[in-house]
Amino acid sequence: MMNVNQKEIEKLKSIVNYSFSVNLSANNKKKEVIIARSIYSKIMREKGYTFDYIGKSLGKSHGAICHYINTVDLLLSENTKLRDKYFFCKDSFLNTREPFKVLSDKDLEQYMFIMNLQNELEEAINSKTKLLYHFVDYMEGYQTKKGIMPSIEQCRNYIIPLFKNQ
């Protein structure tokens, strides 16, 4: 009978294998397999597993796992589709309410679409929030220098170019 850790490992492996259409246990160095192993390693590390334990679960060395984890964040920051897959894998792994195997290809596609929209929305909100803070700084600076608030026309002339440069 499998213990809890083995069940978790097998669950995450099946999620990552499915999401990336790979076999994590395959003995090859194809880019997509290495990226999938990196995602698997990151999620396992976030769950609290040691580098050695993760390595043993993949048949890889401690050093290989360190390399996967050290490089995966850069990959995730540069590639939104990969980031969406990472969040899908992580959410599916941590979500115990519904078994993963009930997701069809259509469900996966819809979930990935929603995750992508959510990421785009968060990025847009963060961008607009930065612009708003920039504008507030402008107004405070203007008031400090001139002793009065800028006119509506001055505000409009300042803020509209900020949004056009986005």
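Just so it is clear, none of the values below were taken in a lab; they were calculated from the coordinates. Note that the structure is a prediction, hence the values are computed from the model and not measured. Quick reminder, even Gly has a Cβ in these numbers, built from the backbone with ideal geometry, and neighbours come from all protein chains shown.
Of note:
- In this structure, the pairs whose alpha-carbon distance is over 22 Å, taken from K13/K85; K31/K106; K13/K56, are K31/K106.
- Karplus-based coupling profile of segment 72-77, in residue order and whole Hz: 5, 5, 5, 4, 5, 6, with θ = phi - 60° in 6.51 cos²θ - 1.76 cosθ + 1.60 and x standing for Gly or Pro.
- Cα convex hull of segment 104-166 - mean projected area over all directions, nm²: 5.1
- Computed extension gain for K130 through I114, at 0.36 nm per residue and net of the alpha carbon distance, reaches 3.3 nm.
- A simple rule links phi to the HN-Hα coupling: the Karplus curve 6.51 cos²θ - 1.76 cosθ + 1.60 with θ = phi - 60°, which for segment 5-22 gives 4, 5, 5, 4, 4, 5, 4, 5, 4, 5, 5, 5, 4, 5, 5, 9, 6, 9 Hz, with x for Gly and Pro.
- Entry for volume of the Cα convex hull per residue in Å³ (calculated from the structure that is shown) out of (i) 177; (ii) 107; (iii) 335: (i)
- For K30 and E78, a Förster radius of 30 Å and the Cβ-Cβ distance give a FRET efficiency of 0.95, rounded to the nearest 0.05.
- Cα lying deepest toward the dipole's positive end in segment 104-166, options I114, G147, F135, charges on Cβ: G147
- For the chain, a crude dipole built from +1 on the beta carbon of Lys and Arg and -1 on the beta carbon of Asp and Glu, taken about the Cα centre, is about 420 debye to the nearest 20.
- Residue-wise HN-Hα coupling along segment 122-134, computed from phi with Karplus coefficients 6.51, -1.76, 1.60 (Hz; x: Gly, Pro): 4, 5, 5, 4, 4, 5, 5, 5, 4, 4, 4, 4, 4
- Subtracting the Cα-Cα distance of K106 and Q154 from 0.36 nm times their residue separation leaves 12.2 nm of extension gain.
- Most positive-pole-ward Cα, L82, T50, Y158, against dipole of the chain from beta carbon charges: T50
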